[in-house]
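Got a structure here, written out as structure tokens. Questions coming.
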Amino acid sequence: MSAVMKLIIDAMGGDNAPWAPVEAAAKAVSTIDGLDIILVGKPDLISEELAKHSYPDGRIKIVEANDVISNHEEPAMAVRSRKDASIVVAARLLRDGGGDALLAMGNTGALLAAGLLIVGRIRGVLRPAIGTLLPTLQGPKMLIDAGANTNCKPENLVQFAVMGNIYMKRIMGIENPRVGILSNGEEEGKGDELTKETYQMLKEMKLNFIGNMEGRDIMEGNAEVFACDGFVGNLILKTIEGMGSAVGKLIKEMFTKNLRRKIGALCVADGLAEFRSMMDYREYGGAPLLGTKKPVIKGHGSSDAKAVYSAIKQSKKFVEHHVVDEIVKNIQGMEEI
């Protein structure tokens, strides 16, 4: 990494493009030392948004890409055929050394395809995985895989656990992360064949493996890393997101139902604000795609400027803490597990 980190952002991806990534980029280069940003997308639209903000000269560069892959396209085919799509141009730029990390808020499938087909897998990594930080009673914990891989083998889940362990050590500063595997019961013999075989393999690893975890253990924060296949992980992620949204609406309805409750809401306003902050995905940045040769981070599709800014800070930390190098070092020799 150069003295100044260069972060590549797909400025056209996500529900709030290009204004959200542009606003966040302008704030980031104004407030974060040692950071330059490359915005990839339609120059006219990006320049129009940049004109609304003040930021240090020379800290933001625009790279032209006039196509965008939508959420309704087949990801791998689109990445292979749409050479001028913003995510494709951004991934090529990362691969070729034009930047140190890539952040994108758009089509998850397209980002995964670009990460695999253009950026490439670390040698020995069978399948890269999305690691998502979830708010829990004991702080943010990682769910991995959160949607990149279905039909997994035990070897895949073992590698997910190893990569999640590295991330929680390096980025979250946890010395000895507890690693669990999601199952339908805490006893060693519970689960399907995938879970049972993975359990036996993790027992032999040099990890702080604490066994099977049930779904309720996630929000309790009873492990730092919850390993599972992407099908299970994505269902859990979307369920938690939906539950958080529903709880927020119920609380609002309860405290605005009548004057007495509105007065009561004033008495607990600080606590409510703290609760909202704890459950706000915007505080946790993006979800790293662990296992690619260079750092790739997926921001939430509905990210506003605050969420993109958090993801920018996370991306810089990802690079500075040499997470990819650590994965390379730990994954060597695991090809035959």
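Readers should treat all values here as calculations from the given coordinates under stated rules, not as data from a laboratory. The structure displayed is predicted, hence computed values, not measured ones. Cβ atoms come from the backbone with ideal geometry, glycine included; neighbour counts cover every protein chain shown.
Of LYS294/LYS329; LYS27/LYS83; LYS42/LYS83; LYS294/LYS317, which sit over 19 Å apart, Cα to Cα?
Going by Cα-Cα distance, LYS27/LYS83 fall outside the 19 Å limit.
To continue, here is another question. Compare the Cα positions of ILE38, PRO288, VAL89 along the charge dipole of the chain (+1 at Cβ of Lys, Arg; -1 at Cβ of Asp, Glu; about the Cα centre) and return the one farthest towards the positive end.
Farthest towards the positive end: ILE38.
At what distance in angstrom do the alpha carbon centres of the range 146-162 and the range 95-133 lie from each other?
Each part's Cα centre sits 16 Å from the other's.
Another question, if that's okay. Using a simple charge model, +1 on the beta-carbon of Lys and Arg, -1 on the beta-carbon of Asp and Glu, nothing else, what dipole does the chain show about its Cα centre, in debye to the nearest 20?
Roughly 540 debye for the chain.
Just the number, please: percent antiparallel of the DSSP beta bridges in the chain, rounded to the nearest 5.
Bridges in the chain are about 25 percent antiparallel.
Would you list which aspartates and glutamates come within 20 Å of LYS252, measuring only between C-alpha atoms, while excluding same-chain residues fewer than 8 positions from it?
Leaving aside aspartates and glutamates fewer than 8 places away in the same chain, those within reach of LYS252 are GLU241, ASP270, GLU274, ASP280.
Continuing with the same structure: Nearest 20 debye, what's the magnitude of the dipole of the range 12-130 about its Cα centre given +1 on Lys and Arg Cβ and -1 on Asp and Glu Cβ?
For this selection, approximately 560 debye.
Could you tell me which residue out of HIS300, PRO21, THR256 lies farthest along the dipole of the chain toward its positive end? Charges go on the beta carbon: Lys and Arg +1, Asp and Glu -1, centred on the Cα centre.
Towards the positive end, the residue furthest out is THR256.
Take each complete run of DSSP H in the chain, measure how far its Cα atoms stretch along the helix's own axis, and keep only those covering 30 Å or more with mean Kyte-Doolittle hydropathy at least -1.0; list them.
230-255
Please label the shape of the chain as rounded, prolate or oblate, based on the square roots a ≥ b ≥ c of the eigenvalues of the alpha-carbon gyration tensor (a/c under 1.5 means rounded; beyond that, a/b larger than b/c means prolate, else oblate).
It is oblate, given that a/c is not under 1.5 and a/b is not larger than b/c.
Taking Cα centroids, how far is the range 35-69 from the range 216-241 in Å?
Here the two parts' Cα centres lie 36 Å apart.
Rounded, prolate or oblate for the range 159-233? Axes are the square roots of the Cα gyration tensor eigenvalues, ordered a ≥ b ≥ c, and the cut-off for rounded is a/c under 1.5.
Here the range 159-233 falls in the prolate category.
A follow-up question, please. Run down the aspartates and glutamates and flag those whose C-alpha is under 16 Å from the C-alpha of LYS61, throwing out any fewer than 8 positions away in its chain.
Within the straight-line limit of under 16 Å, LYS61 reaches these aspartates and glutamates: ASP10, GLU23, ASP36, ASP44, GLU48, GLU49, ASP100.
Only Lys, Arg, Asp and Glu count, each charged at its Cβ (+1, +1, -1, -1), so figure out the dipole size of the range 5-62 about its Cα centre, rounded to 20 debye.
120
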